[in-house]
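Note sheet for the following structure.
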Amino acid sequence: MSKLLKNICSVFIFVLITIVATAQDQKIGYYESDFVLSKIPEYVGIEQRLKIQSDGWKNEIQSMRLEIDNLEKDFTAKEILYTEEIKKEKIQEINSKKKELDSFIEQKFGPNGEYFKKQKELLEPIQRQVFAAVRSVAQRNGFDFVFDRSGDIYMVYARGEWNINEQVLLELGIEIEQ
């Protein structure tokens, strides 16, 4: 083995040992925000309020779609009887109703729609409380990292001893039954 290759191997082994030693000193925890939020009474109430409001809007959307379907069926059934001018009017009316529907959906459920604005307004204070509780638990217990297992972050394996759900709930003043 050449001297250069021995030096490279030595450096590699040193770096590997340093990384393993450093990793062993790190403390990692996780919690599940969906679980924690589901235990907060205010959150459940807010979710119910948002559902009632969105269900009302969904009913309006369904009514608008039904009206459009009826207009289209009526047009198809009577198209042969209409003059070109009346056909254009009916098609314009149908297209106008479709645009109204699209506009209503965008206004209520679009990225800047009422639903998401209301959701943010109502849920953000609770989410801030949860994040503060997680930060407090993590600092008190000396965690280097805390992950949220709900949503997009996926862990293949997590030892139960690092689950801090209950501690976060206690920090929020919520006791759960075992």
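The values are calculated or read from the model by the stated rules, or taken from the named source; none is laboratory data. Predicted, not measured: the structure shown is a model, and the values here were computed from it. Using ideal geometry, Cβ is built from the backbone for each residue, glycine included, and neighbour counts are taken over all protein chains shown.
Residues of the stretch 14-29 that are assigned to a helix (DSSP H, G or I), hydrophobic (A, V, I, L, M, F, W, C) and either modelled with pLDDT of 50 or more or under 33 Å from the mean Cα position of the chain (by Cα) (or both): Ile19, Ala23. Within the stretch 127-142, the set of residues being surrounded by fewer than 19 Cβ atoms within 10 Å (Cβ to Cβ) and farther than 22 Å from Glu42 by Cα comprises Gln139, Arg140, Asn141, Gly142. Of the helices (runs of 4 or more DSSP H) that lie entirely inside the stretch 30-144, those containing 3 or more residues that are out of contact with any helix residue (DSSP H, G or I) (no Cβ under 6 Å at 6 or more places or on another chain) and at pLDDT 95 or above span 41-78, 84-109.
Taking the condition loosely packed, with under 14 Cβ neighbours inside 10 Å and within 30 Å of Glu177 (Cβ to Cβ), does Ser33 pass? So Ser33 does not fit the description; no. Among the residues of the stretch 44-96 satisfying the criterion of being within 16 Å of Gln119 (Cα to Cα) and among the polar types (S, T, N, Q), which is surrounded by the fewest Cβ atoms within 10 Å (Cβ to Cβ)? Only one residue fits best here, namely Gln48.
Looking for something without any contact (Cβ under 8 Å) to a residue 60 or more places away in the chain, farther than 22 Å from Ile61 by Cβ and not charged (D, E, K, R) - is there at least one such residue anywhere in the stretch 143-155? Among the residues of the stretch 143-155, at least one is without any contact (Cβ under 8 Å) to a residue 60 or more places away in the chain, farther than 22 Å from Ile61 by Cβ and not charged (D, E, K, R), which makes the answer yes. Screening Glu124 on (1) free of Cβ contacts under 8 Å to residues at least 60 places away in the same chain; (2) under 19 Å from the mean Cα position of the chain (by Cα); (3) surrounded by 11 or more Cβ atoms within 10 Å (Cβ to Cβ) shows it passes everything except condition (3).
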